[in-house]
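Here the structure comes first, spelled out in structure tokens, and everything after it is commentary.
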Amino acid sequence: MTKTRVRIGAGAGFSDDRFEPALELAERGELDYLVFECLAERTIARETLSRIKDPETGYTPYMRDRLRMVLPACMQAGIRIVTNMGAANPLGAARVIRRDALSLGLPPPVVAAVVGDDVTEIVRAHPELRLLDTGEPVETLLPRMAAANAYLGADIVREALARDAQIVVTGRVADPSMFVGCMLHGLGWSYDDYPRLAAGTFTGHLLECAAQVTGGCFADPGKKDVPDMARIGFPYADVDADGSVRLGKVAGSGGRLDVATCTEQALYEIHDPARYITPDCVLDITEAEFEQLGLDRVGFRGTRAAARTDTYKVVVGYHDGWIGEGEVGYAGPNALARARLSEQIVRERLKLRGFSYPEIRVDYIGMSSLHGMGAGRPEPYEVRLRVAARSPDKKAAQAVGFEMRTLNVNGPAGGGGTLEALREVIGVRSLLLPRHLVHPEVVIEERP
Amino acid sequence: MSTKVHELAHSRAGDKGNTSNVSVIAYDQPAWDILRRELTEERVMRAYAHLASGPVTRYELPRLRALNFVIEGALGGGVTISLARDAHGKTLSYLMLDIDLPV
């Protein structure tokens, strides 16, 4: 049923986000929709590898915990859930969500899985497609490809909601599109109504990182203070049928929501502000402005959008070897000189063992690990040496951390607190795929 | 006389592939006038030169009193393959805020 206003909350802004704010929104936010955005660029490729090992997995690891937490409140209040936590296995996710609802003693919910974002075989059949960054054909990546997924749009989310799904679980859907899908369905908007799509997409962009608009990633003591950070609440948006929007958060939750927090989030991960491309439209925020409407209450106006493009953006995840790393710490007189000596020793030992690396990175943590070795940096009292290297060979990568550990006994004086780590690298690259090659679909999970 | 961008503005960094975008949001109108005049692409490129290959592109959003700098080649090849501890370049906003501007 079409309404004149919907309230949409953000339940998570990344896969490892805090849990409590979603429950607070479900219980006290008076929501119509609760959206969980939990997919980083490489998550699907990683989850594809999990699914290959075990066909029952492939959704994000915290999915079940998050949903079990909010399902009783959401089903009681009729709040519908939209999430991309289905990752590489939306169908398997839908099955397990339904089972979990039943095991919580809830009436069996209608769960809709959105599929069709997995375009791995389509990309494999089109080796001539060009990578966005270098313009080279994707052909060279194909032997190492783990997965390719298209960013689907709001239209398929609307379709899932239109089939009475209590919960919509997707793989790759563009972050703002999950929110816009709720607006299309709830407010009866046309998918060609670009002024409304502009306001909706900007709203989705402001909400998709959850706490990043309510005081997260914002505090700078004495400059920009944020009250009650330990209990930062997540945002919601009230969206009217005419496309006007007001952001808010649950009364009594921590954090702050104002023009300054909204402006920081507005530009987050935006390049050309006149051309922010989503599957739904090309958003222009160059004339947008915010207005403080009250405590923790912000509106905006001035968004515009051009027609959507005729392609979907695709993220290709591929195996890219291994990264090995290690750390050791020094303190007190001559700390930096001892750390530098360790660097030389480790480089030489790796060479003596016959390893070479396409790229080695050396950080002096406390001095140069985050902003590089700028001119005139003061020498710190404590410094940690970190050495990291990439290699197609797992053994070579592993040797880096190993040689950092051996410094415990075989390095300069007073070295301690060694660490080592090894990880498999999933690289990601992007390309554009013509829309007519992609076939998004809704599958309703009804099995008991 | 000089002042740090930190005195005039706040900032957030985001990542896409091997590109970092760093917003600079003025606290007030006088700060905006200084930033718009002095915080040029060249000055930002100099501050990030030891980290990023460039180029740097500056976008202006006068209604938000904000600049958006898009700094290419800044993230060690991209978030997923970078050898850096802060592969997302989340801390790069404070390199922007550390820039000295003449006032």
Counting just the residues of the stretch A:303-330 that are in a strand (DSSP E or B) and among the aliphatic types (A, V, I, L, M), which one comes out surrounded by the most Cβ atoms within 10 Å (Cβ to Cβ)? A:VAL328
Number of the exception - B:VAL70 against (1) more than 9 Å from every other protein chain (Cβ to nearest Cβ); (2) part of a strand (DSSP E or B); (3) of a type in the set (A, V, I, L, M): (1)
Kindly list the number of the only condition in (1) within 28 Å of A:THR303 (Cβ to Cβ); (2) of a type outside the set (Val, Ile, Thr); (3) part of a helix (DSSP H, G or I) that fails for B:HIS88. (3)
Exactly one condition in (1) free of Cβ contacts under 8 Å to residues at least 40 places away in the same chain; (2) at the interface with chain A (Cβ under 10 Å from one of its Cβ atoms); (3) not polar (S, T, N, Q) is false for B:GLU41; which is it? (2)
If you go through the stretch A:308-320 one residue at a time, do you hit one that is of a type in the set (Lys, Arg), away from chain B (no Cβ under 14 Å) and more than 27 Å from the chain's Cα centre (by Cα)? no
Here are the criteria: (1) in contact (Cβ under 8 Å) with a residue 24 or more places away in the chain; (2) more than 9 Å from chain A (Cβ to nearest Cβ). Tell me which single one B:ASP33 does not satisfy. (1)
Which one is nearest to the other protein chains (Cβ to nearest Cβ) among residues in the stretch A:377-395 that are under 34 Å from the mean Cα position of the chain (by Cα) and either hydroxyl-bearing (Ser, Thr, Tyr) or closer than 12 Å to A:GLU359 by Cβ (or both)? A:ALA388
Identify all residues within the stretch A:267-302 that are within 11 Å of chain B (Cβ to nearest Cβ), part of a loop (DSSP other than H, G, I, E, B) and not aliphatic (A, V, I, L, M); write none if there are none. A:TYR268, A:GLU269, A:HIS271, A:ASP272, A:PRO273, A:ARG275, A:THR286, A:GLU287, A:GLY302
Please find, within the stretch A:157-173, the residue that is nearest to the chain's Cα centre (by Cα) out of those that are surrounded by fewer than 24 Cβ atoms within 10 Å (Cβ to Cβ) and of a type in the set (A, V, I, L, M). A:LEU161
Can you tell me how many residues in the stretch A:97-150 are among the small types (Gly, Ala, Ser) and touching a strand residue (DSSP E or B) at 6+ places or on another chain (Cβ under 6 Å)? 7
Just one of the numbered conditions (1) more than 23 Å from the chain's Cα centre (by Cα); (2) in a strand (DSSP E or B) is not true of A:PRO227; which one? (2)
Are there any pairs with C-beta distances below 7 angstrom linking a residue in the stretch B:84-103 that is crowded, with 18+ Cβ neighbours inside 10 Å to a residue that is among the hydroxyl-bearing types (Ser, Thr, Tyr), with the two at least 6 apart or on different chains, and if so which? B:GLY89/B:SER20; B:LEU92/B:SER20; B:SER93/B:SER11; B:LEU95/B:TYR48; B:MET96/B:SER11; B:LEU97/B:SER11; B:LEU101/B:SER2; B:LEU101/B:THR3
Pull out all pairs, ordered by first then second residue, where Cβ-Cβ is under 9 Å, the residues are six or more apart or on different chains, the first lies in the stretch A:61-74 and is surrounded by fewer than 21 Cβ atoms within 10 Å (Cβ to Cβ), and the second is part of a helix (DSSP H, G or I) and among the polar types (S, T, N, Q). A:PRO61/A:SER50; A:ARG68/A:SER103
Could you identify the single residue in A:GLY222, A:GLY252 that is within 14 Å of chain B (Cβ to nearest Cβ), over 24 Å from the mean Cα position of the chain (by Cα) and surrounded by fewer than 20 Cβ atoms within 10 Å (Cβ to Cβ)? A:GLY222
Conditions (1) surrounded by fewer than 21 Cβ atoms within 10 Å (Cβ to Cβ); (2) outside any helix (DSSP H, G or I); number of the one not met by A:ARG347: (2)
Cβ-Cβ below 9 Å, separation at least six or inter-chain, first residue in the stretch A:122-139 and free of Cβ contacts under 8 Å to residues at least 24 places away in the same chain, second acidic (Asp, Glu) and assigned to a loop (DSSP other than H, G, I, E, B): which pairs? A:PRO137/A:GLU128; A:GLU139/A:GLU128
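Throughout, read-outs are computed from the coordinates displayed, never taken from laboratory work. Given the structure is predicted, the values throughout are model-derived calculations rather than measurements. When we count neighbours, we look across all protein chains shown, and the Cβ atoms used for this are built from the backbone with ideal geometry, even at glycine.
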